[in-house]
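I have placed the structure first, in the form of structure tokens, so that the comments after it can refer back to it.
The values are calculated or read from the model by the stated rules, or taken from the named source; none is laboratory data. Since this is a predicted model, take the numbers as computed values, not measurements. Cβ placement follows ideal geometry from the backbone for every residue including glycine, while neighbour counts extend to all protein chains displayed.
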Amino acid sequence: MVANVLLFASWADALGPSVRLELPEGATVRHLLDAMTARAVGKSLPKPLVAVNHKYARADLHLRHGDEIAIIPPVAGG
Amino acid sequence: MVANVLLFASWADALGPSVRLELPEGATVRHLLDAMTARAVGKSLPKPLVAVNHKYARADLHLRHGDEIAIIPPVAGG
Amino acid sequence: MRAAIVDRPLDPASLLAEVATPASGASTLFVGTVREVNEGRVVTGIDYSAYGPMAERELASVVAEARERFGTERIVVEHRIGTLRLGEASIVIAVSHARRAAAMDAQRFVIEEVKRRLPIWKREHYADGTREWVDPTRAPHVAEVR
Amino acid sequence: MRAAIVDRPLDPASLLAEVATPASGASTLFVGTVREVNEGRVVTGIDYSAYGPMAERELASVVAEARERFGTERIVVEHRIGTLRLGEASIVIAVSHARRAAAMDAQRFVIEEVKRRLPIWKREHYADGTREWVDPTRAPHVAEVR
């Protein structure tokens, strides 16, 4: 499957506002994180969480076609 | 010594804004409270604290001529 | 740092402005108001009365203790006395601090100490025309049936 | 109950007015502001950016959880995004409740959950012309020397 992944803050500065990733069918959030970490090699970006359809997602969640996927660097609201 | 004791709230409603008490020389706050309680017999007033010179006073404090003495019913500020 | 007992309406926004500074990360405001129902009785207004000089002294002490304990000068408290209508503010506490936790801790410290120590009394006016001095040391249900 | 992410200046007094009701015994206001010094560096301004739809959703969840937990509908939160100057408010939380302890507990719950969960990021502008995304997960002193 092709995932269009939204990026924010330091991750967006380093890699742009979104990236397209080719992932195997049945890929999990953990697979996505591994692929994104590979893209970020050498950029010293902070470890992120992943949101799927506007919710924080566990590492074992299976991604589906059409999911809205986002990389969430450490948040600093308030 | 003669003590002029200031009263507030329910105590003032029952006994007026102040009362004069004759106390033995060397009387303590406890003596004062006993004398005031005697005055309040039958009026079902709440148990008060005593302030001397604008500070809450312990029962064993000795009263002196010229002290500003007040009966402090349960407070309800805020 | 400022603490006052006043006999005019309180203005929360002006107290908030008074404590705010570019060094603050957080400001908090606490507003105590006259509540329409207290322990099941319909309240129409409140008289607050104070032992003035002692109330001023205790309030100044509370604020000074909060400054020592939480490390900020930016604390302003006004307590109103006199006759208040429903919904009117009886106390406003404004605090600002570099750190939010300290601002919130100081706010709570000040209101709890005010309730515990200030020689201020309130007489509630009820819808049935009666008035009664509020005594927080009485158990609520005992108070009802007395 | 209302929660919003907005890109205009916040007005704390209007949020306080929005939650106040004659049923309240206490109202609290929390105002988070841009601080002039953070971890020893002089800050001149902040850009806040959000993952908009998720931030709105999380903020609404935080407010709904506070309502359940503390038993009041009277909670309003606005978080500002965009470029803020020194001393400007980034977040305002207003709560009112019959009981003061619950109002203060709800206030603290909301700000702590906002800090923990909202997908909002801030980039500080420093006096030396540099800018940096704030990462609360980094130890302060490590951040300084990196």
I'd like to verify a number: residues in the range C:51-82 that are part of a helix (DSSP H, G or I) and over 28 Å from C:PRO22 (Cβ atoms), how many?
8
Which condition number in (1) more than 17 Å from D:ALA50 (Cβ to Cβ); (2) at pLDDT 95 or above; (3) over 13 Å from the mean Cα position of the chain (by Cα) is the one that D:VAL142 fails?
(2)
Those residues of the range C:1-45 that are away from chain D (no Cβ under 11 Å) and either hydrophobic (A, V, I, L, M, F, W, C) or in contact with a Lys or Arg (Cβ under 9 Å, 6 or more places away or on another chain) (or both) come to a total of 11
Tally, over the range C:91-106, of residues that are more than 7 Å from every other protein chain (Cβ to nearest Cβ) and at pLDDT 95 or above:
11
Does the range B:2-12 contain at least one residue that is hydrophobic (A, V, I, L, M, F, W, C) and modelled with pLDDT under 95?
yes
Members of the range D:85-108 found to be within 16 Å of D:ALA13 (Cα to Cα), assigned to a strand (DSSP E or B) and out of contact with any helix residue (DSSP H, G or I) (no Cβ under 6 Å at 6 or more places or on another chain), listed by number:
D:ALA89, D:SER90, D:ILE91
Is it the case, given these coordinates, that C:ARG67 is over 13 Å from the mean Cα position of the chain (by Cα), basic (Lys, Arg) and at pLDDT 95 or above?
yes
Just to be sure I understand the filter: pairs with C-beta atoms under 9 Å, separated by 6 or more residues or on different chains, first member in the range A:1-27 and on the phi > 0 side of the Ramachandran plot, second member of a type in the set (S, T, N, Q). Which pairs pass?
A:ALA9/D:SER49
Mind counting the residues in the range D:51-60 that are in contact (Cβ under 8 Å) with a residue 40 or more places away in the chain and within 24 Å of D:SER14 (Cα to Cα)?
6
Quick one: in the range C:107-127, of everything that is more than 8 Å from every other protein chain (Cβ to nearest Cβ) and free of Cβ contacts under 8 Å to residues at least 60 places away in the same chain, which residue is surrounded by the fewest Cβ atoms within 10 Å (Cβ to Cβ)?
C:GLU112
Could you count how many residues in the range C:33-50 are touching a residue at least 60 places away in the same chain (Cβ under 8 Å) and not in a strand (DSSP E or B)?
2
For residues that are hydrophobic (A, V, I, L, M, F, W, C) and part of a helix (DSSP H, G or I), scanning just the range D:109-137, find the one that is farthest from A:ALA76 (Cα to Cα).
D:PHE109
Limited to the range D:24-49, what total is found for residues that are under 17 Å from D:ILE120 (Cα atoms), of a type in the set (Gly, Ala, Ser) and modelled with pLDDT of 95 or more?
2
